[in-house]
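The values are calculated or read from the model by the stated rules, or taken from the named source; none is laboratory data. Fair warning: this is a prediction, and the values are worked out from it, not measured in the lab. Cβ placement follows ideal geometry from the backbone for every residue including glycine, while neighbour counts extend to all protein chains displayed. Heads up: the accessible areas ignore ligands, DNA and RNA and are worked out on the full protein's heavy atoms, side chains in. Shrake-Rupley method; radii C 1.70, N 1.55, O 1.52, S 1.80 Å.
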Amino acid sequence: MVHPFTPVASVPVNPRRARVHEEGWQSWSPSGAYALDAAPHRPANANWATVCYRPGVTAPAGTFQGEGLLALDPGDGSPVRLWAAAEPTREVPSIRLATEDGQAAEISADGPVKEWTGPDIPSVLGDWAAGLGLAAPRPEPTVWCSWYEYFTAVTEDDIHENLRAMDTLDLPVDVVQIDDGYQQALGDWLTLSGRFRSRAGIAEKIRSRGRRAGIWTAPFLVDPASELAAAHPDWLVRDTTGGFAHAGRNWGHDLRVLDTTHPDAAAYLTEVFTTLRAEGYDYFKTDFLYAGALDGVRHADADALTAYRAGIALIREAIGEDAYLLGCGAPVLPSIGLFDAMRVSPDTAPHRRPEADDYSQPGQDPAEFTGVARQWQHHRLWINDPDCLMARPAVETRERWAAHVESTGGLMASSDRLLSLDRWGVETTRRLLSGTHR
């Protein structure tokens, strides 16, 4: 349902010194503070608007827009003002700021908001988060992840090689996390690709070396060519798609969305995670979670955010409270209270600049921009995941990227083929994983 925007406040500003913080919809959506005359980051195409921004919500040209959170530093010495969703896990209004004459900021929203004030933008955001009264997050493990070296071509032998290298290089890795590529297709999570022999067997090998086994899923996405989609089309959300995932880095075609309000689909999702947990995995990276919050026709009469939170609750119940749950590509405010850790930026990459200069796309520049702007979430909403350290010589500006990851104090994960590291790479990886950066 589309709600009209109604006025919230009119605030005098110093147009040369004022700053506006936009909070993006999900992990990959650009978030940050801008001068009043700056052009905020917007999607470069319609597909990225679905996959990486808030679908169906377009900000007019010349307007700032935060999804559930928007802060203004008037620049005249008066307090910073924050407008925040009144019930952030249930309804996330879009909040807009426009200036017609340059002397006053006009704030409007398409849903209920409450106002906070503070001395600066990070402080007022942090105070708002602290006011939610969430329990302190659990200490995070250190991680090695297969993604940024092998992408979807990862093999079981790659995991074994890096597992041995951790011992050889004396790297303090708690969790060895297998990323995308072990499964036959999105949705067919319990059927292996030809590059893996035994999911339980590799978990046992990881655990036998004194480390924990971790695994990646995109639980709400379904490949139309999967066995699940062919056998159970009634398990899919109608009148929506999960967007187009590009070939090379991902899957190269349009995707569908699992309807977790359907009892049989919910039972299947529970079976997937119960099975993975029984096989010895206790660290779960759940990715592309925006799909679970897309509007569409579901089996039950549930709004998208209610369906999303119920789907995450199913996963948590299946894996148990003692397992570690990391979210990624997830709608930020609707995820409050559900995760141990959360990706707070778009993907990094071996290069700095994102494709089409879209700051939702992989690149070190956008990952730093949004990661810094969301530092206020760390230890208040969850453990921040700034994305993985890449320290191999082939990575552009690897020293600068490592410094950013280190500065966040968040989840520390390495994602190199460990035997490709030179001396600097090994020493930097060991230092960040050991916690001596804190």
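The figures follow:
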| read-out | value |
| --- | --- |
| Residue in region 216-225 that is modelled with pLDDT of 95 or more and closer than 21 Å to D157 by Cα present | yes |
| Region 143-197, subset open to solvent by less than 30 Å² (accessible area, probe 1.4 Å) and small (G, A, S), residue farthest from P393 (Cα to Cα) | G187 |
| Residue selected from region 87-130 under the condition free of Cβ contacts under 8 Å to residues at least 12 places away in the same chain and in a loop (DSSP other than H, G, I, E, B), by the criterion least open to solvent (accessible area, probe 1.4 Å) | D101 |
| Failed item, numbered, when D158 is tested on (1) closer than 30 Å to F196 by Cβ; (2) not in a helix (DSSP H, G or I) | (2) |
| Count of residues meeting criterion [crowded, with 19+ Cβ neighbours inside 10 Å, out of contact with any Phe, Trp or Tyr (no Cβ under 7 Å at 6 or more places or on another chain) and charged (D, E, K, R)] in region 255-273 | 1 |
| Those residues of region 200-230 which are of a type outside the set (A, V, I, L, M) and within 25 Å of the chain's Cα centre (by Cα), in sequence order | R211, R212, G214, W216, T217, P219, F220, D223, P224, S226 |
| Selection status of P334, in contact (Cβ under 8 Å) with a residue 24 or more places away in the chain, touching a helix residue (DSSP H, G or I) at 6+ places or on another chain (Cβ under 8 Å) and assigned by the TED database to the domain that holds D422 | yes |
| Residue pairs meeting the criteria (Cβ under 8 Å; at least 6 apart or on separate chains; first farther than 16 Å from A307 by Cβ, in region 261-282; second aromatic (F, W, Y) and crowded, with 20+ Cβ neighbours inside 10 Å) | V272/W189; F273/F284; L276/W189; L276/F284; D282/Y324 |
| Residue match in region 359-372 (condition: within 21 Å of L421 (Cβ to Cβ), buried (at least 21 other Cβ atoms within 10 Å of the Cβ) and among the charged types (D, E, K, R)) | no |
| Strands (runs of 3 or more DSSP E) fully within region 175-216 counting 2 or more residues that are in the same structural domain as L269 (by the TED database), within 10 Å of Y281 (Cα to Cα) and of a type outside the set (D, E) | 175-178 |
| Meets criteria (part of a loop (DSSP other than H, G, I, E, B) and touching a residue at least 24 places away in the same chain (Cβ under 8 Å)) for G292 | no |
| Flag if S360 is within 25 Å of E87 (Cα to Cα), of a type in the set (S, T, N, Q) and assigned to a loop (DSSP other than H, G, I, E, B) | no |
| Among residues of region 295-307, those that are surrounded by 15 or more Cβ atoms within 10 Å (Cβ to Cβ) and either in contact (Cβ under 8 Å) with a residue 60 or more places away in the chain or aliphatic (A, V, I, L, M) (or both), counted | 8 |
| Region 1-57, residues that are among the hydroxyl-bearing types (S, T, Y) and either modelled with pLDDT of 95 or more or over 24 Å from the mean Cα position of the chain (by Cα) (or both) | T6, S10, S27, S29, S31, Y34, Y53 |
| Hits in region 308-335 (condition: open to solvent by less than 10 Å² (accessible area, probe 1.4 Å), within 20 Å of Y283 (Cα to Cα) and not small (G, A, S)) | I312, I315, I319, Y324, L325, L326, C328 |
| Lone qualifier among P350, P346 - being at pLDDT 95 or above and in contact with a Cys (Cβ under 8 Å, 6 or more places away or on another chain) | P346 |
